[in-house]
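Visitor: Right, I'll just put the structure down here and ask away after.
Bear in mind these aren't lab numbers, they're just calculated from the coordinates by the rules spelled out. Computed from a prediction, not measured in an experiment: that's the story for all the values here. Cβ: placed from backbone, ideal geometry, glycine included. Neighbour counts: every protein chain shown.
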Amino acid sequence: MGSVSSGNEIREFLTTRRARVTPERAGLRAYGGRRRVSGLRREEVALLANISVEYYTQLERGNVRGVSEDVLEAIARALQFDEVERTHLFDLVRAAKRRPATGRTTERVRPGVQRVLDSITESAAFVRNGRLDILSANRLGYALYSEAFANPDRPVNLARFVFLDRQSHTFYADWEGIADAGVGSLRAEAGRDPYDRDLSDLVGELSMQSEDFRVRWASHDVRQYRSGTQPFRHPLVGDLTLSYEALQLTADIGLTLVVYTAEPDSPSQEALNRLASWSSAPDRSSR
């Protein structure tokens, strides 16, 4: 349970996406008598993608040797993928065609990136990898996520915090939303690198210990944490809603800089200012 290197990933992703699209939504008239499922049948996807039923069936079973990008694009259109889902399909196919890597990689934040973090003094910021490990943060970032850093294990993993730490249900005002986004982000990462042993171990651990995670993982939904707003209930400064931007570090493949800001002159800005004052006091670092 929870393995992300299984050859079933393509099959499960395509079948779960196919089940979401009704013939009516796809512009087809339902045919063939009584339907056992509300979603599309394989032959309907093949019709929409202009490929043979046999060919689509082989692709859905994970036999993607020789499949062209044009065919993948046609399937993505037939199943009405958004951009994140389309990217995930291409990632899964690329991963199925390459040989597994061996060993584990050590990720570190370069000194230059740490200087960038430390120079951000009015916003909370941290650097994470695709597994949602926080590798480093600025002072305000450590203060904002003090509940997560209360756990002495390092690196702090946001997925573990969300699903295995009851404090997260209070800390995240929209816990359901952050849980969906976290699992969707891990699922997308699994498509990019299904042979990441640390990711496989993390998914296995969360699947065994959290029903909330297990149900979401089985849905095969994918997300990209790019920008938006996040409401928090911080134990020191109360409620605050922050905007976030997730910026890929192009010189450090797989690492993302996440920055949280507040609307100027808002109650959230006042709360963030109080948190900044608290974090600048001596001996307040949660590192």
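Visitor: In deg cm²/dmol, rounded to 500, what helix-only [θ] at 222 nm does the chain give when every DSSP H run of at least 4 residues adds -39500 (n - 2.57) and the total is split over its residues?
Guide: For the chain, the value works out to -14000 deg cm²/dmol.
Visitor: Rounded to whole Å and sorted largest first, list the principal axis extents of the Cα atoms in the chain.
Guide: If we take the Cα atoms of the chain, the spans are 70, 41, 33 Å.
Visitor: How big is the Cα convex hull of segment 180-283 in projection, averaged over all directions, in nm²?
Guide: With the hull built on Cα positions only, its mean projection is 9.1 nm².
Visitor: Given a 10 angstrom Cα cut-off, can you work out which residue in Tyr172, Tyr55, Tyr145 is the most mobile in a GNM of the chain?
Guide: Sorting by GNM fluctuation, first place goes to Tyr55.
Visitor: Under 10 Å, Cα contacts only: if you run a Gaussian network model on the chain, which one of Asp265, Asp91, Asp118 comes out with the highest mean-square fluctuation?
Guide: Largest GNM mean-square fluctuation: Asp265.
Visitor: List His220, His169 from most exposed to least, where exposure is judged by having the fewest other Cβ atoms within 10 Å.
Guide: Arranged by neighbour count, lowest to highest, His220, His169 become His169, His220.
Visitor: Taking the convex hull of the alpha carbon atoms in segment 9-97, what volume per residue do you get, in Å³?
Guide: Once divided by residue count, the hull of segment 9-97 is 88 Å³.
Visitor: In which sequence would Tyr56, Tyr225 go, from the one with the fewest C-beta neighbours within 10 Å to the one with the most?
Guide: Tyr225, Tyr56
Visitor: Then there is this: Specify which residue in the list Ser168, Val258, Asn8 is farthest towards the positive end of the charge dipole of the chain, using unit charges on the beta carbon of Lys, Arg (+1) and Asp, Glu (-1), about the Cα centre.
Guide: Of the options given, the answer is Asn8.
Visitor: Under a GNM of the chain (C-alpha, springs under 10 Å), which listed residue has the highest mean-square fluctuation: Arg29, Arg17, Arg233?
Guide: Arg29
Visitor: In Å, what is the Rg of the alpha-carbon atoms in segment 61-162, and how long is Dmax?
Guide: Cα radius of gyration and Dmax of segment 61-162 are 19.3, 51 Å respectively.
Visitor: Moving on. What does the charge count around Arg86 come to, taking other residues whose C-beta lies under 12 Å from its C-beta (Lys +1, Arg +1, Asp -1, Glu -1)?
Guide: -4
Visitor: For segment 111-279, state what percent of all Cα-Cα pairs lands in each successive 5 Å bin, counting from 0 Å until the bin that includes the largest distance.
Guide: 1, 8, 17, 23, 21, 16, 8, 4, 1, 0
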